[in-house]
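See below for the structure under consideration.
The values are calculated or read from the model by the stated rules, or taken from the named source; none is laboratory data. What you see is a predicted model, and the numbers here were worked out from it, not measured in a lab. Counting neighbours? That spans all protein chains shown, and the Cβs are built from the backbone with ideal geometry, glycine included. For the accessible areas, the whole protein counts, side chains as well, though only heavy atoms, and no ligand, DNA or RNA atoms are used. Shrake-Rupley method; radii C 1.70, N 1.55, O 1.52, S 1.80 Å.
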Amino acid sequence: MMLLFAVATMAAAVRALAENDPVERTFTEPRAEVERAVTAAKASSSGKLPALEGFVGQTQRPVERYEKAYYQCIFQVLPSASGEVSVRVTAKITAWYDDPDKQRSGYEVLPSNGRLENDALDRVEEILEGPDAVSANTEKPATRKYNLSLGPVIPHAAPPGSANGDPKASQPAPIKITSAPLNEEEIQQLRKKRVAAEKRVQQLHNALQNLQELYESQTRPTDLVAVKKTGTSVFAHPDESGKPLFVATAKDQFEMVEIRGDWIHVNISGQSRGWIRKAQLEFPDDASATKGIGSQPLAKSAELFRVSREETSTFPGNWEPLRGKSVKLYSVQPVQSSVAETQAREKRDFARELFERAWGEQSTSESPVAGVVVIFDSADGGQASATLASLKLWNEKKISEATFWQSCSLDPPETFSATGKKQ
């Protein structure tokens, strides 16, 4: 209960801060005529705003995240002791704030910069000066007075003998303490400045729209991931028990190399790579579900094969580049035991993924192995072997993929649909 009260109190405080000062203008016409003009102006003093730029004052949050903006002008007609009539206008602007955290989204009251209020008062003035204005006075002053600074409103003392039981007569009339009124020349100068400022705002708004369109038309990479929070650890291996390579900062972006369970393999700089927990990263356009190694989808091969054993051992063969040397060995089995044979292209795609995975680990290892071996434990079998040196050249793009496969040992070659050297 106390939490709800605190939230309500905070919300009320925010709304109170968002309230803006009203704008007031003084007219010399009779009060009844001014009230009729105000009633007519109300019909066009509320509705949906096409944009917030140019209408709101300084906001605490980015203006571009607001949408569904609406406004409503509230009028007050206040008589003064001098016989003039003041019209006070307050604009209430509300908009939906789209927070990245959807639980924090909601409608908010925004401060007005005074444009809506002055537009409303201009309409009142135009109605009073128009042919439909009904006035008992045939003479109008040459210059109109405008009250552009609001002073305190103090109650006007009731005249003696007014306490006759009439509630309206007993209500005090407010007295407005104002600065000296402006003449017509000064008003015209202010209007010119206002028109110039609005023109500048429109130019900036158009420039912003052009930049936004240019930004949206550009091709965005889909293999970048961003760190959610400052202090996220980047490890050399997918294991939190090891010492982190470094600590990343919020919004740091990395190129995604592969996905392994709850871990993401990322490219740090050049050939330097590391591992970050998937839960600590943000993925653009659901890249975590579709990204494959080398920007090629691997969903099909990943559904057909799985790594049954992973170990470091002596090379199991007579291929001269790796004979008698320590290698990273992957034993692979079909996901479905009923699958008797698989396509050569599917095997090569899965072998490519494991080669990339092993290179990411060995490139940062203090004691790397001499090569990588992928053994397919299935009815049609197959073994693909590559030296770490050829993997390095391939990942550094110093040799093409075709040249890389030619440097590998593919046994038998037709199993992987590539030209290779048989052991």
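The fraction of accessible area contributed by carbon and sulfur in the range 344-390 is 45 percent, rounded to a whole number (1.4 Å probe; ligands and nucleic acids excluded). With protein chains left intact and a 1.4 Å probe, residues in the range 346-390 average 28 Å² of accessible area per residue. Looking at the range 354-422, the GluC sites (Glu not before Pro) that sit in a DSSP loop and have at most 11 other Cβ atoms within 10 Å of their own Cβ are GLU366, GLU396.
Tell me, what % of the accessible area of the range 44-122 is carbon and sulfur with a 1.4 angstrom probe? Don't skip to the answer; put the middle values down first.
Details: 1800 of 4070 Å².
Roughly 44 percent, rounded to a whole number.
For the range 329-406, the normalised intensity computed at q = 0.27 Å⁻¹ comes to -1.32 (log10 of I(q)/I(0), Debye sum over alpha carbons, equal scatterers, no solvent). Based on protein heavy atoms only, the range 239-283 ends up with 53 Å² per residue of surface accessible to a 1.4 Å probe. Give me the percent of Cα-Cα pairs in the range 19-108 that sit more than 18 Å apart, rounded to a whole number. When every Cα pair of the range 19-108 is considered, 54 percent fall beyond 18 Å. Stretching the chain fully between GLN188 and SER308 yields a gain of 34.8 nm (0.36 nm per residue, less the alpha carbon separation). The residues of the range 12-123 expose, per residue, 52 Å² of accessible area to a 1.4 Å probe.
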